[in-house]
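Remarks on the structure that follows.
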Amino acid sequence: MDEGGTRVRLPAGLWRDGRRHDVAMLRASGFGEELPRPGALPAERATQLVAACIERIGEVEPVGLDEARELVVGDREAIALHVRRLVAGEELPCVLDCPNPECGERLEVTLRVSDLLVEPYAWEGALHSRSFCGRRVAFRVPNGGDLERAAGRAAASVEAAAEELLEACVESCEGELDAELSSALAAAMEELDPQADISLAFACPECGAEGTVPFDASAYVLEELAQRKRALEREVHLLALHYHWSEGDIVSMPQSRRRRYIELLDDELRGRAA
């Protein structure tokens, strides 16, 4: 802990005047107090989550929506995982469906945050230059702002949105960005930002079928925070209704103590109903 928060290392970080800023300071609390609005697109919700839980990144402060959009997708996923660890611990319970439709088994697995985080990237700058199909391309890796713009267009055409996303990340290109070059460029972007594409490989213990599913850390954390907020609101309602304590007193109470009162209250109410 440091200055009331937690320091974490990001895979890529923000670049300012040729300098890399990749040590982020997570806020000590308040992650779930103002959750992103339900109607927002997933990319927008991830942006709001990052902006809500990061105080600064290196010497870049404050961190707001613009900085959250500037972070590459892998950084945003890493931040979500670090937030999950700080709020609820290292283990992430998941339920996966067997890939064999004739089996239908539901698999309960437990992931660990440390197993999903990757090492910091060996980048020399935010701009990359490579040769594909005999042509030189200067490009950057997609960031949160790119995803938001692409998601807004995906309803009309997923293919067009993907094409626009690639074009937005290209700074210069020898020749046209045709299908062959686009495919090679997309693969290079995935290679450069592996934290952005977390996949879980598993095998069904019942039928042995193997499968791979993507893991969206931001979506996972946002859903858990929403569940925690709903649970807290229920606890505040019940304790305030029956004990007449103030919301501030209830929220500041240690979680274990608050839940013990809820258990006693539930026992009391069930006894009256019997």
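Only the coordinates and a few stated rules stand behind these numbers; no lab work does. If you're wondering where the values come from, they're calculated on a predicted model, not measured in any experiment. Neighbour counts run over all protein chains shown; Cβ positions are idealised from the backbone, glycine included.
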Peptides 215-223, 172-180, 116-124: what's the order by average Cβ count within 10 Å, highest mean first?
215-223, 116-124, 172-180
Formal net charge of residues neighbouring MET189 (Cβ-Cβ distance under 12 Å; K, R +1; D, E -1)
-3
Helix 144-154: angle to the longest alpha-carbon principal axis of the chain, degrees 0 to 90, nearest 10?
90 degrees
Angle check, please: helix 42-53 long axis (alpha carbons) against the longest principal axis of the chain (alpha carbons), in degrees 0 to 90, nearest 10.
70 degrees
Please get the size of the charge dipole for the chain, origin at its Cα centre, with Cβ charges of +1 on Lys and Arg and -1 on Asp and Glu, quoted in debye to the nearest 20.
1020 debye
Proximal charge balance of THR212 [Cβ under 13 Å; K/R count +1, D/E count -1]
-3
Quick check on the exposure proxy: order MET189, MET253 from fewest to most C-beta atoms within 10 angstrom.
MET253, MET189
Using the Cα gyration tensor of region 27-145, with a ≥ b ≥ c the square roots of its eigenvalues, what is the shape: rounded (a/c below 1.5), prolate (a/b larger than b/c) or oblate (neither)?
oblate
What is the angle, in °, between the Cα long axis of helix 73-88 and the longest principal axis of the Cα atoms in the chain? Nearest 10 is fine, range 0 to 90.
20 degrees
If the rule is a partner Cβ under 4.7 Å, which cysteines in the chain fail it?
CYS53, CYS94, CYS133, CYS169, CYS173
Given a Förster distance of 35 Å, report the FRET efficiency between CYS94 and SER131 from their Cβ-Cβ distance, rounded to the nearest 0.05.
0.30
Rounded if a/c under 1.5, otherwise prolate or oblate - region 179-246, Cα gyration tensor axes:
oblate
Helix-only mean residue ellipticity at 222 nm for the chain, each DSSP H run of n ≥ 4 adding -39500 (n - 2.57), per residue, nearest 500:
-14500 deg cm²/dmol
In units of 2.2 N^0.38 Å, the Cα radius of gyration of the chain is 1.20
Once the other residues with Cβ under 13 Å from the Cβ of ARG135 are scored (Lys, Arg +1; Asp, Glu -1), what is the net sum?
-2
